[in-house]
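The values are calculated or read from the model by the stated rules, or taken from the named source; none is laboratory data. Just so it is clear, the model here is predicted, and its values are computed rather than measured. Virtual Cβ from ideal backbone geometry, glycine too; neighbours counted across all protein chains shown.
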Amino acid sequence: MIEKTLGKIYIGLILVFMYTPILVLIALSFNDSRSRVVWGGFTLKWYRTLFDNSSIMSAFGTTAALAFVSAAVASLIGLFAAIGIYSMKKRSVKVMLFFTNIPLLNADIVTGIALMLWFVRFFPLGFVSVLTAHITFNIPYVILCILPKLETMDIRQFEAARDLGASTAYAFTKVILPDLLPGILAGFFMAVTMSMDDFVITYFTKGPGVNTLSTLIYGEIRKGIKPEMYALSSVLFLLVLIILIIANKTDTVKEN
């Protein structure tokens, strides 16, 4: 009993340390005063200022386009890559997983500079280069989300569908794809979150005139933090929270 109580207290303290700064940030986004220590009353003016700011809205549109397009492409590529890895022999699977994990463990600055040098060699930096970079670093996350679903899937259902006369494409669509859908959605939402969060790789691969929220916030911080940034960060936190809730609800419904 004491161990369970201490365990709950420990988990509670971890959650407090994790989310207290975010709650303070959200509170400051409603503070009528520009001060971070003086409460000037409740207001929504920073949110109005945020949505009236054309540069922020443009950066938000670019960020959303990058996140969802790169996640969709990475999910498609990652799906077939995961199926290919799953069909290999055990030794080959270990080798492929080793190379899949390298981008996850590699420092972002190394990946960013390497991609920048590659893009500069073949075509100018711009939206396409950033999109390609986001697709590249999202693919491993998708693969690692789909592989566990492949390992728990009953491949005999696919073979039975083929024996009953179904084409490979039809059997894949009706048998394999529904079982993999939770993993695909998890990988997609993970890719969206990682793309929206990325700064380093985006900073090195974007061209002039291309700004995402992360690069915009970085530029604003050097000039001084504005209250609109608190509102922007709060909106981003809410969006990520909604994405995670949808992802978890979808996974739960699919399992039931």
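Search the range 97-119 for residues being surrounded by 13 or more Cβ atoms within 10 Å (Cβ to Cβ) and hydrophobic (A, V, I, L, M, F, W, C), and hand back the single one that is nearest to ILE83 (Cα to Cα). Ranking the qualifying residues of the range 97-119, first place goes to LEU97.
Residues being surrounded by fewer than 18 Cβ atoms within 10 Å (Cβ to Cβ), in contact (Cβ under 8 Å) with a residue 12 or more places away in the chain and within 13 Å of VAL235 (Cα to Cα): count how many of those fall in the range 31-48. Even if it seems obvious, please write down each step before you answer.
Taking the range 31-48 as the starting set, the residues that turn out to be surrounded by fewer than 18 Cβ atoms within 10 Å (Cβ to Cβ) are 32-45, 48.
Checking the rest, the ones that are also in contact (Cβ under 8 Å) with a residue 12 or more places away in the chain come to 32, 34, 42-45.
Then keep just the ones that are within 13 Å of VAL235 (Cα to Cα); that gives 44.
Total satisfying the criteria: 1.
Filtered by the rule that a residue be among the β-branched types (Val, Ile, Thr), out of contact with any Phe, Trp or Tyr (no Cβ under 9 Å at 6 or more places or on another chain) and modelled with pLDDT of 85 or more, the range 196-241 gives VAL200, THR202.
Residues that are among the basic types (Lys, Arg) and within 19 Å of ALA72 (Cα to Cα) within the range 138-158 comprise just one, LYS149. Exactly one residue among THR168, THR173 is surrounded by fewer than 16 Cβ atoms within 10 Å (Cβ to Cβ) and either under 16 Å from GLY84 (Cα atoms) or outside the structural domain of LYS90 (by TED's automatic domain parsing) (or both), and that residue is THR168. Taking the criterion of being assigned to a helix (DSSP H, G or I) and over 25 Å from MET190 (Cα atoms), the residues of the range 120-137 that qualify are VAL120, ARG121, PHE122. Return only the number of the condition from (1) over 21 Å from SER129 (Cα atoms); (2) surrounded by fewer than 21 Cβ atoms within 10 Å (Cβ to Cβ) that LEU76 does not satisfy. Answer for LEU76: the failing condition is (1).
Yes or no, residue by residue, for (1) at pLDDT 90 or above; (2) basic (Lys, Arg); (3) surrounded by 15 or more Cβ atoms within 10 Å (Cβ to Cβ); (4) not assigned by TED's automatic domain parsing to the domain that holds TYR86:
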site: PHE122; (1), (2), (3), (4): no, no, no, no
site: GLY126; (1), (2), (3), (4): no, no, yes, no
site: TYR141; (1), (2), (3), (4): yes, no, yes, no
site: LEU144; (1), (2), (3), (4): yes, no, yes, no
site: ARG156; (1), (2), (3), (4): no, yes, no, no
site: GLY183; (1), (2), (3), (4): no, no, yes, no
site: MET194; (1), (2), (3), (4): no, no, yes, no
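Only residues that are out of contact with any Asp or Glu (no Cβ under 8 Å at 6 or more places or on another chain) and either farther than 20 Å from GLY207 by Cβ or surrounded by fewer than 16 Cβ atoms within 10 Å (Cβ to Cβ) (or both) were counted in the range 50-68, giving 9. The residues listed here are SER70, SER87, SER29, SER55; of these, the one that is over 19 Å from the mean Cα position of the chain (by Cα) and under 25 Å from LEU185 (Cβ atoms) is SER87.
Out of the range 210-234, which residues are surrounded by fewer than 16 Cβ atoms within 10 Å (Cβ to Cβ) and within 23 Å of THR20 (Cβ to Cβ)? Please lay out each step first, then the result.
First, pick out the residues of the range 210-234 that are surrounded by fewer than 16 Cβ atoms within 10 Å (Cβ to Cβ): 218-219, 221-225.
Of everything in the range 210-234, those that are surrounded by fewer than 16 Cβ atoms within 10 Å (Cβ to Cβ) and within 23 Å of THR20 (Cβ to Cβ) turn out to be ILE221, ILE225.
Taking the condition of a type outside the set (Lys, Arg) and without any contact (Cβ under 8 Å) to a residue 40 or more places away in the chain, does ILE135 pass? It would help to see each step written out before you state the result.
Numbers: of a type outside the set (Lys, Arg): yes; without any contact (Cβ under 8 Å) to a residue 40 or more places away in the chain: no.
It is false that ILE135 is of a type outside the set (Lys, Arg) and without any contact (Cβ under 8 Å) to a residue 40 or more places away in the chain.
Would you please name the residue that is farthest from PHE237 (Cα to Cα), looking only at residues in the range 5-30 that are among the polar types (S, T, N, Q) and out of contact with any helix residue (DSSP H, G or I) (no Cβ under 7 Å at 6 or more places or on another chain)? Reasoning before the result, please.
Initial filter on the range 5-30 (among the polar types (S, T, N, Q)): 5, 20, 29.
With the extra rule that they be out of contact with any helix residue (DSSP H, G or I) (no Cβ under 7 Å at 6 or more places or on another chain), the set shrinks to 5, 20.
On the way: THR5: 30, THR20: 13 Å.
Applying the filter and picking the extreme gives THR5.
Selection of first residues in the range 97-117 that are in contact (Cβ under 8 Å) with a residue 60 or more places away in the chain and of second residues that are among the aromatic types (Phe, Trp, Tyr), restricted to Cβ pairs under 6 Å at least 6 apart or on distinct chains, gives the following pairs, ordered by first then second residue: GLY112/PHE204; ILE113/PHE204; MET116/PHE204.
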